[in-house]
Amino acid sequence: MTDIIWGNGSEILSSDSFVLNVTHRKDGNKENYSDVEKIKIVDADIPGLPQNQSDWNTENLKSCTTDAFLKCEIDSRNESGILLAKVSHSGAGGY
């Protein structure tokens with residue numbers, strides 16, 4: 001079963017990574033997650049973000065994730081402590 005966290009996107013770190021202010025965690029997650037996590041996107045379903053990852057840049061990532069309520073399905077944590085995750089917009093007020 002996949003660990004899932006939700007929260008609001010904040011600082012953009014690169015064309016495919018950002019900081020998530022974690023507000024919710026799925027019951028039954030195998031790992032513990034802090035209130036602020038760095039996320040590297042391995043797959044995305046985010047309106048406004050180009051389908052082709054080679055077209056991503058810091059500006060379009062910022063416009064699609066900053067202050068947006070996002071769902072992150074965690075694949076793993078890399079050696080730098082960054083979470084590798086599938087990221088999608090979460091429904092208004094829902095998960």
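Readers should treat all values here as calculations from the given coordinates under stated rules, not as data from a laboratory. This is a predicted model, so every value here is computed, not measured. So basically every Cβ, Gly included, is an ideal-geometry build from the backbone, and we count neighbours across all protein chains shown.
Please go through segment 22-68 and pick out each residue that is out of contact with any Gly (no Cβ under 8 Å at 6 or more places or on another chain) and hydroxyl-bearing (Ser, Thr, Tyr).
If the condition is that a residue be out of contact with any Gly (no Cβ under 8 Å at 6 or more places or on another chain) and hydroxyl-bearing (Ser, Thr, Tyr), then Tyr33, Ser34, Ser54, Thr58 are the ones that fit.
Name the single residue that is surrounded by the fewest Cβ atoms within 10 Å (Cβ to Cβ) among those in segment 8-18 being in a strand (DSSP E or B) and small (Gly, Ala, Ser).
Applying the filter and picking the extreme gives Ser14.
Report whether or not Glu59 is surrounded by 11 or more Cβ atoms within 10 Å (Cβ to Cβ), acidic (Asp, Glu) and on the phi < 0 side of the Ramachandran plot.
In short, no.
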